[in-house]
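A short write-up of the structure that comes next.
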Amino acid sequence: MQDTVTEPKLTSSDLANNQRAIAYYHDHGCDTVETGFALANILNEDRCVAEASRVYRIAYDLHSSQPGQTPGAHVLLELSLLCGLKAGQTPAPEEMETLRSLSLPFYNYIVGIQTAWTQGDFVKAARIMGNCYEEFHTGAECDRLYLEIVNRIYHEQMQGGIADIRAPNSLIPRKLYTYRDVDAPDGAEHDFAWHSDFTGLEFRSFNKEEAANWLYTAYGVDARTLFLSAQNVSEASDFFRMHVMQQLGGWWLDAGNRIRSEDVFFSRVSQRHSHVFLLGHENVVHNGFFGTLPNSPILGDALLSLYRNCYQHPGLSIPAKTGSGVFERALNRTFHADLERLRPLPSMIIYDNAVFSDVIVPLSAQE
């Protein structure tokens, strides 16, 4: 970082001929940390990772080194190095040492990712990374990349594991829950009727008033207040599902999604584990369809993140604040605890998106 930096003159090729990035650069330039960060984010979002790496580095060079300036210098350097890894570049040793001096968890994050991607040693990578995801908000890319690594480590173990059927309440109850708001998507009523006809799953839907009253009865006034103050239907549904599933256990299904059939559900999704989760694109956890037993240790941890985000980080995007992000963090903590021999892994299985597509018909695909 330097006290003064001459504004770089970026060309279209420097910006991967990305029209969004070119338009932003034309309007705002790249002469401050803020504009450089925003420009790099556009490139990163559009998968122009080599170019994003360079622009993050420009923003880092523009940084004042003052701790109050956001984003922090360590964030900019970490993003530059991570995008470089995605582009197949090898981090410069001097840049890695600089990152180490700025933030040891961020340094461990980059070394761990490099180890996983270049050596294929996922156990070593996970041990290097430790719980570096704790330095990020829930739902950050770090959570998803760590989850990809530990899921590879534990895949076979989870496939072979089962719930102890001799213990009470060790299996997921055969109950199916959903939340129906007044603004439920068109076609949702047909899905409710469809699931009500299932004989192997007891189906129950909650409307807004029923959900608020249930939360007040089961969890108290704070839970009801946060639910009623949700930004929109998605956040309200996110908030409610965590509580009802932790209290009652069973299967959750978002309104607007349909289980293809009971036969498909019982044949494609494990009925012998205590927790079932499914991954979508880039290791995003599907929080719109999952199963758990009551008083789940995983959902208990997710609830901690949910409340922390609601009180301390209300401006986060909804997926990060109350949705898939809190599930990803809870799963990562669960795997990390087993790696560190703090707590054994509970009975669980994580499927890839192919299983989700086999079992669930989204509203957009329904006739």
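The values are calculated or read from the model by the stated rules, or taken from the named source; none is laboratory data. Note that the structure is predicted; figures quoted are calculated from it, not measured. Note that each Cβ is placed from the backbone with ideal geometry, even for glycine, and that neighbours are counted across all protein chains shown.
Details
- Only one entry in Lys86, Lys124 is in contact with a Ser or Thr (Cβ under 7 Å, 6 or more places away or on another chain) and surrounded by fewer than 19 Cβ atoms within 10 Å (Cβ to Cβ), namely Lys124.
- Selection within the stretch 131-146 - surrounded by 23 or more Cβ atoms within 10 Å (Cβ to Cβ) and either assigned to a loop (DSSP other than H, G, I, E, B) or hydroxyl-bearing (Ser, Thr, Tyr) (or both): Tyr133, Thr138, Gly139, Tyr146
- Entry remark, the stretch 304-356: residues being in contact with a Gly (Cβ under 6 Å, 6 or more places away or on another chain) and either closer than 17 Å to Tyr154 by Cα or at pLDDT below 95 (or both) number 2 in total.
- Residue within the stretch 297-319 that is of a type in the set (D, E, K, R), surrounded by 23 or more Cβ atoms within 10 Å (Cβ to Cβ), touching a helix residue (DSSP H, G or I) at 6+ places or on another chain (Cβ under 7 Å) and under 23 Å from His273 (Cβ atoms) present: no
- Residue among Arg333, Arg268, Arg329, Arg341 that alone is of a type in the set (Lys, Arg) and under 22 Å from Asp191 (Cβ atoms): Arg268
- At least 1 residues being surrounded by fewer than 16 Cβ atoms within 10 Å (Cβ to Cβ) is the threshold, and among the strands (runs of 3 or more DSSP E) wholly inside the stretch 199-261 those reaching it are 202-206.
- Of the residues making up the stretch 32-60, those that are under 22 Å from Val111 (Cα atoms) and of a type in the set (Asp, Glu) number 1.
- Counted residues, the stretch 64-73 - those being in a loop (DSSP other than H, G, I, E, B) and either surrounded by 23 or more Cβ atoms within 10 Å (Cβ to Cβ) or at pLDDT 95 or above (or both): 2
- There is at least one residue in the stretch 193-203 that is over 25 Å from the mean Cα position of the chain (by Cα) and among the charged types (D, E, K, R).
- Restricting the stretch 75-130 to residues that are in a helix (DSSP H, G or I) and small (Gly, Ala, Ser), the residue that is nearest to Arg47 (Cα to Cα): Gly84
- Residue that is nearest to Pro91 (Cα to Cα) [pool: residues in the stretch 26-51 that are outside any helix (DSSP H, G or I) and among the acidic types (Asp, Glu)]: Asp46
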